[in-house]
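No value in this document is a laboratory result; all are computed from the given coordinates. All values derive from a computational prediction rather than experimental measurement. Here the Cβ positions follow ideal geometry from the backbone for every residue, glycine too, while neighbour counts run over all protein chains shown.
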Amino acid sequence: MEAVLLAFILMLSVFLGFELIAKVPATLHTPLMSGANAISGITVVGAIIAAGADLGPWSTWLGALAVFFATVNVVGGYMVTDRMLSMFKKKDSPSGGDS
């Protein structure tokens with residue numbers, strides 16, 4: 001019964017995610033994805049808990065692997081956000097002042 005419930009929740013989240021992304025204008029896809037990557041820091045916390053749960057060597061190795069990939073995802077999200085925000089900064093004029 002629990003597997004059926006989890007499968008239902010997964011299918012519902014996939015459907016809702018697809019519908020949400022389809023309604024967002026194309027110009028906002030990059031900010032939305034960079035924010036979603038930053039939110040995946042929750043995955044880092046879960047992976048640390050899984051790696052330190054002392055459930056056996058496989059659990060520790062898979063948890064450590066999950067920590068690595070989640071960290072790459074979070075750092076990539078922040079890098080994309082930083083690059084995107086730098087595109088909106090006002091550029092200094094080359095003459096150095098009055099224009």
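A few remarks follow.
- Membrane-span-like helices in the chain, defined here as complete DSSP H runs extending at least 20 Å along the helix axis by their C-alpha atoms with mean Kyte-Doolittle hydropathy no lower than 1.0, are 2-23; this is a sequence and geometry rule, not a statement about a membrane.
- GNM result for the chain, Cα springs below 10 Å: residue of MET33, MET79, MET11 fluctuating most strongly: MET11
- Highest-MSF residue in the chain out of THR27, THR71, THR60 [GNM, Cα springs under 10 Å]: THR27
- Of the chymotrypsin sites (Phe, Trp or Tyr not before Pro) found in the chain, those in coil by DSSP whose Cβ has at most 15 other Cβ atoms within 10 Å are PHE88.
- Compactness of the chain was expressed as the Cα radius of gyration divided by 2.2 N^0.38 Å, which yields 1.58.
- Taking the chain as a Gaussian network of alpha-carbon nodes connected by springs under 10 Å, the highest mean-square fluctuation of the residues ALA50, ALA36, ALA26 belongs to ALA26.
- Fraction of C-alpha pairs exceeding 13 angstrom in the range 28-85: 58 percent, rounded to a whole number.
- Rel. contact order, % - alpha carbon contacts under 8 angstrom, at least six apart, the chain: 27
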